[in-house]
Amino acid sequence: MSKDSSPAPAGEGKKDSADASDRQGGNKGHKSPGKGTDTTTAATAASSVGITDAVIEANPLRDPRDKRLPRVAGPCVLVLFGVTGDLARKKLLPAIYDLANRGLLPPGFSLVGFARRDWKDQDFAQLTHDAVKEHARTPFREEVWKQLSEGIFFCRGEFTDDGAFDALAMMLKEIDQTRGTGGNYGFYLSVPPKFFPVVVQQLKRTDLADGPDDAWRRVVIEKPFGHDLKSAQELNAITSAVFPESSVFRIDHYLGKETVQNILALRFANNLFEPIWNRGYVDHVQITMAEDIGIGGRAGYYDGIGAARDVIQNHLIQLLALVGMEDPTSFGADSLRREKEKVLKALRLPADLSLATARGRYGPGWQGGEPVIGYTEEEGIPPDSITETYAAVKVEIANRRWAGVPFYLRTGKRLGRRVTEVAVVFQRAPHLPFSKDDTEILGQNALVIRVQPDEGITVRFGSKVPGTAMEVRDVSMDFAYGESFMESSPEAYERLLLDVLIGDPPLFPHQREVELSWKILDPIEEFWSSQGPPEEYPAGTWGPASADEMMARDGRVWRRL
Amino acid sequence: MTSFMLSGTTASKISSQLTHLRHQMGTPAVGMVLTLVVVCGESEQYDAVRAATEAAREHPSRILVVISRDANEPNRLDAEIRFGESTPGEVILLRLYGELTRHADSVVSPLLLTDTPVVAWWPGECPDVPSKDPIGMLAQRRIIDARSANDTVKAIVGRARGYVPGDTDLAWTRLTTWRSLLAAAFDQPVGKVKRGSVEAVPGHASALLLAAWLSDRLGASVKVSDSEGPGLTAVKLSAADGDIVITRADGHLATLSRPGQPDRRVALTRRPTSELLAEELRRLDPDEVYEAAIQRLAKTGRS
């Protein structure tokens, strides 16, 4: 499997999966004492119902009041396709170790690597060992490694090789015997989408996709989920022909981030923000994901895809959904996805796309003190490429809460620095009882959810400048909880992998959400494809002039990040 | 890290010094989420502060360390303020002399962060009824450590008598990994448990609590028997379908045996105090399962 390097090292994906009804036991939820009072992690707590009623009732040692006991996955095997890719080495294998280190993997948990290399179990174990040593967030502990390494296996073969998959099926059966994994398998396809059909068909042919009634089979896929609506549907047809939607987990690693889940806590556990979270008070919303890196070695993937498909379609639209949605009746997968879908269905593009979108690509320039080359000079990029590395889009949500409030989404590579944030910018005070000079430099209030790298929340408001004169200017107040201090805090992939193994789907986008976001993006891509090459912007700056003009037409400016 | 000493001071001087230092460092905003009051002796101070500052990386806190010195000296309050690189919050060591040793609350209460939770922790000796202690009364959560008691059974039984919601014990926190593994072993049915035993070094507080929890949840008698250690070494439960056994001989790697399944090894390391403390600070609501376990132990321990 030489080709299966990680599909998308930088922009990673989106995920989502099953309906609530098909998680192992349903989610009636044990609302007994105290569940509702946990405000700081309302979202986390609510989604932590993976160990189901039936299991708890049958297990005398589990008690819903016993909040110390972590959610631990049941006995299972994770089969990893694409073990030699960047994503596996930098994120997945370390995350598996970290889960083991935190005691969240079941006894007997086994990991099977599948690749073309002529390897033995111990070679794959060595690769895992090195990846863990280099990238794991928790300290390396010999006893944890021992536990993990006993369950590491390797299966050699090509995706087209029936024999290899027969061997895999046998191997899994044997692991069930020797490790007590009970026929529960997760298949992680960390391979480019073009290999999905053959891998999925092989899983079907060998009966691996369909387990006995008392065991589960799940498949995890990474973005990109197609490059437009049609291809997304085709891709889905391939997986859904073999796996039910409830067994398909689409990874959008952004949704595993603590701050992103905190959006739900912030909005729905407080009474302070929700009353002003609407068109009556909000002027507009800016959602930004800026990267300082170029395309690196991803030319083959990136060219023809571009910034909008790579980032806006998944990460930014998911963030928009969380910020814009109505309150879900619960944090179960069903209710959460229903609200996200509603807001995605209400998305509208402005009539004239030439005035409401902007795109650009980086030219040569200076980025953070280093000279860097332009996009078309990158290796593997054709000189006549019209792929954008910067995209800005204005959308509106056609519902009572948000009518007339624009949501500006922007993303780009080789921008000034790496930052992802959601900024809710409020209207100016209706009346200022100060003289005009006193408030000359007063901007608009803003509530900013910082997603990365410095996770937290910032509130921007006007404050009096100390002194005898009454002069008001903007100040920022920052809040950061654990995440930003703790190097060993859980990584997004840890959370998501655990959710897959437990079968807890709220943080994974449903196929319907994927399709809805393509419906928004497709007309834009179509329009852009007729516009020739994108406008160039010097690397290390904040995008093309047309993006600033787009805001200026609305009388607004991008936040300076 | 900045360290600042104040001798013969008062709470209000400490407070203004704190404000002053914060302004000087240019970080006037306070992002701390709770106040942790550590009550300990001089000899325990170093380890306790270390653990508390580690835990503060997960829960940014103001850490007040109350150290009682010689009660026969004239009344005096010495303070040592530390903040800066090593911790996201602040550490204030308070050394109390003379009669002041009996009025520590008068120093602590003006230094608590406004309107955020207060947690009290006694890493060593603790009052008989923590919730009646002047410092304990300031706190929503009171953490003690039965391990440090001479007679652990008596200590825990005493705890049960004076229990109020919010009391908790690091000897109980140490068990979370064991309990989690045991609970996972019961996720697949094993039938009714008839009897069981917990093996540990003599007088091991956590072993007593584990046995009490198991017998409470399983409705079976679970004995504690002595072993060479280190710490907890085994849990054996005889169920209708066979035996569930967890053994841990070296304090690091355990073996889990279940009927009908191969033996499996599981990492089960004894956790450092900082991790235990961080777990305590994660949940500030009453721990009813702990209460049930100590009440159970009180019932059987007395008889």
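The values are calculated or read from the model by the stated rules, or taken from the named source; none is laboratory data. What you see is a predicted model; the values in this text were computed from it and never measured. Cβ atoms come from the backbone with ideal geometry, glycine included; neighbour counts cover every protein chain shown. Just so you know, the surface numbers come from the protein's heavy atoms only, side chains and all, with ligands and any DNA or RNA stripped out. Shrake-Rupley method; radii C 1.70, N 1.55, O 1.52, S 1.80 Å.
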Heads up, the strands (runs of 3 or more DSSP E) in region B:201-295 (entirely inside) with at least 2 residues that are of a type outside the set (A, V, I, L, M) and open to solvent by less than 40 Å² (accessible area, probe 1.4 Å) are B:232-239, B:253-258, B:261-267
Result of the Cβ filter at 7 Å on region B:291-303, keeping first residues that are farther than 14 Å from B:Leu214 by Cβ and partners that are at pLDDT 90 or above and hydroxyl-bearing (Ser, Thr, Tyr), at least 6 apart or interchain, is B:Glu291/B:Tyr163
Any chance A:Ala480 is touching a residue at least 24 places away in the same chain (Cβ under 8 Å), within 14 Å of another protein chain (Cβ to nearest Cβ), more than 19 Å from the chain's Cα centre (by Cα) and open to solvent by less than 40 Å² (accessible area, probe 1.4 Å) | yes
Taking region A:522-550 and keeping residues open to solvent by 30 Å² or more (accessible area, probe 1.4 Å), farther than 12 Å from A:Leu353 by Cβ and not hydrophobic (A, V, I, L, M, F, W, C) leaves A:Pro533, A:Glu535, A:Glu536, A:Pro538, A:Thr541, A:Asp548, A:Glu549
Q. Before we move on, is A:Val191 open to solvent by less than 20 Å² (accessible area, probe 1.4 Å) and either assigned to a helix (DSSP H, G or I) or within 14 Å of chain B (Cβ to nearest Cβ) (or both)?
A. no
Restricted to region A:317-334 and to residues being of a type in the set (S, T, N, Q) and touching a residue at least 24 places away in the same chain (Cβ under 8 Å), the residue least open to solvent (accessible area, probe 1.4 Å) is A:Gln318
Of (1) within 9 Å of chain A (Cβ to nearest Cβ); (2) within 30 Å of B:Ser109 (Cα to Cα); (3) touching a strand residue (DSSP E or B) at 6+ places or on another chain (Cβ under 9 Å), B:Leu175 fails just (2)
query = Can we say B:Leu268 is within 9 Å of chain A (Cβ to nearest Cβ), of a type outside the set (Lys, Arg) and touching a Phe, Trp or Tyr at 6+ places or on another chain (Cβ under 8 Å)?
reply = yes
Scanning region A:177-188 residue by residue, those in a helix (DSSP H, G or I) and surrounded by 20 or more Cβ atoms within 10 Å (Cβ to Cβ) turn out to be A:Arg179
In region A:273-313, anything among the hydroxyl-bearing types (Ser, Thr, Tyr) and touching an Asp or Glu at 6+ places or on another chain (Cβ under 6 Å) is listed as A:Thr288
Checking A:Met486, A:Met470 in turn, the sole residue that is surrounded by fewer than 18 Cβ atoms within 10 Å (Cβ to Cβ), within 14 Å of another protein chain (Cβ to nearest Cβ) and modelled with pLDDT under 95 turns out to be A:Met486
TODO: Tell me, yes or no, whether region A:133-145 has at least one residue that is more than 14 Å from chain B (Cβ to nearest Cβ), of a type in the set (Lys, Arg), under 17 Å from A:Gly82 (Cα atoms) and open to solvent by 10 Å² or more (accessible area, probe 1.4 Å).
DONE: no
Filtering region A:275-306 for residues that are over 30 Å from A:Gln427 (Cα atoms) and assigned to a helix (DSSP H, G or I) leaves a count of 5
Reported set for region B:57-71 where residues are more than 8 Å from chain A (Cβ to nearest Cβ), farther than 16 Å from B:Tyr46 by Cβ and outside any strand (DSSP E or B) is B:Asp70, B:Ala71
Within region B:158-189, residues being in contact with a Gly (Cβ under 7 Å, 6 or more places away or on another chain) and not in a helix (DSSP H, G or I) number 1
For helices (runs of 4 or more DSSP H) lying entirely in region A:33-105, having 1 or more residues that are away from every other protein chain (no Cβ under 12 Å) and modelled with pLDDT under 80 picks out A:42-46, A:53-58
Check your understanding: If we scan region A:239-258, do we find a residue that is among the charged types (D, E, K, R), within 18 Å of A:Leu168 (Cβ to Cβ) and under 22 Å from the mean Cα position of the chain (by Cα)?
Key -> no
Would you confirm whether or not region A:249-268 contains a residue that is farther than 30 Å from A:Val199 by Cα, assigned to a loop (DSSP other than H, G, I, E, B), open to solvent by 10 Å² or more (accessible area, probe 1.4 Å) and polar (S, T, N, Q)? no
Exactly one of B:Thr2, B:Thr9, B:Thr35 is in contact (Cβ under 8 Å) with a residue 24 or more places away in the chain, on the phi < 0 side of the Ramachandran plot, surrounded by 18 or more Cβ atoms within 10 Å (Cβ to Cβ) and hydroxyl-bearing (Ser, Thr, Tyr), and that one is B:Thr35
Checked region A:374-387 for anything open to solvent by less than 80 Å² (accessible area, probe 1.4 Å) and either free of Cβ contacts under 8 Å to residues at least 40 places away in the same chain or part of a helix (DSSP H, G or I) (or both); matches are A:Tyr375, A:Thr376
Exception for B:Tyr46 within (1) open to solvent by less than 70 Å² (accessible area, probe 1.4 Å); (2) out of contact with any Phe, Trp or Tyr (no Cβ under 6 Å at 6 or more places or on another chain) falls at (1)
